[in-house]
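J.: Got a structure for you, written out below as structure tokens; questions coming shortly.
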Amino acid sequence: SILINLLIEEYTFKKKRKIILDGDLVNNYGINTAIRSYLIDSLIGLQDTFKFCDKTLFITLQIFDNYLGSVIASNDPKLKIEETDLDIIIVSCFLIASKMEESFIYHLTDYLTILSDKYNTNHIMNMEYNILKYYNFEAFEPNTLDFFEIFSSLYNLDDNLKKKGIKMLIVILLNIDLAQMNASVVAFSVFYLIMKKDFKTMMDKIDSLFYNLYKWSDFSQKNFSNR
């Protein structure tokens, strides 16, 4: 039931505001592969510094990509994002994600220490508000780690393989095109690569799960009529 609900949520969010970006258009905003790699590397450093969990990283990237995509696709000159703005945007997304996922939240001044001197607490709060306003304060859609954890639990994946899968997911998210694919598809693709030696057993288990869910749940007409 958790997996079904995640798929429904993913579909709902995508239908509402998913924007697929052209690679050249993203490059025009200075978000090339090198810059994206730098931002994700900085995020991993933040995560390590604050001792935050992996999910905070994935939520941050999802919020960042969707917000950036909306701004770029709008072609509104008032919303023009410069390359120098990317650091405060990603930190603000990180702050939003941490409030959702972490039990302890640091003071805003702690986040300022990783930004340049041109920013203050008001800048972070304003950026955080702008991002949440775009999301209508509903920023937390299912991400690749959510789906990967569900698939892992279904198959009782051991910790070493789970760590390997998470590293693969992070590498995939370096690519803006792959990062915009459905989170469920990306997560299942990585899971397949890890488990391909026993793929038939894995698929039989997932098929059985869906078959049993559809037998006793009213999902088919109620939630998937337009899928």
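J.: Taking segment 41-58 only, how many residues are modelled with pLDDT of 85 or more and open to solvent by less than 10 Å² (accessible area, probe 1.4 Å)?
T.: Selection size over segment 41-58: 3.
J.: Shifting gears a bit: Determine, yes or no, whether F148 is at pLDDT 75 or above, closer than 23 Å to S189 by Cβ, surrounded by 15 or more Cβ atoms within 10 Å (Cβ to Cβ) and in contact with a Gly (Cβ under 9 Å, 6 or more places away or on another chain).
T.: The answer is yes for F148.
J.: Yes or no: N136 open to solvent by 70 Å² or more (accessible area, probe 1.4 Å) and either at positive phi or in contact with a Cys (Cβ under 8 Å, 6 or more places away or on another chain) (or both)?
T.: So N136 fits the description; yes.
J.: State whether one or more residues within segment 132-140 are aliphatic (A, V, I, L, M), at pLDDT below 85 and in contact with an Asp or Glu (Cβ under 9 Å, 6 or more places away or on another chain).
T.: Checked against the condition, which is being aliphatic (A, V, I, L, M), at pLDDT below 85 and in contact with an Asp or Glu (Cβ under 9 Å, 6 or more places away or on another chain), segment 132-140 yields no hits at all.
J.: Does segment 59-82 contain any residue that is outside any helix (DSSP H, G or I), at pLDDT 80 or above, aromatic (F, W, Y) and open to solvent by less than 30 Å² (accessible area, probe 1.4 Å)?
T.: No, every residue in segment 59-82 fails to be outside any helix (DSSP H, G or I), at pLDDT 80 or above, aromatic (F, W, Y) and open to solvent by less than 30 Å² (accessible area, probe 1.4 Å).
J.: Where in segment 90-186 are the helices (runs of 4 or more DSSP H), entirely inside, with at least 1 residues that are within 18 Å of the chain's Cα centre (by Cα) and closer than 21 Å to V71 by Cβ?
T.: Ranges flagged: 121-134, 159-173, 176-179.
The values are calculated or read from the model by the stated rules, or taken from the named source; none is laboratory data. Since we're looking at a predicted model, the values are computed, not measured. In this analysis, Cβ positions are derived from the backbone assuming ideal geometry, glycine residues included, and neighbour counts consider all displayed protein chains. SASA here: full protein model, heavy atoms, side chains in, ligands and nucleic acids out. Shrake-Rupley method; radii C 1.70, N 1.55, O 1.52, S 1.80 Å.
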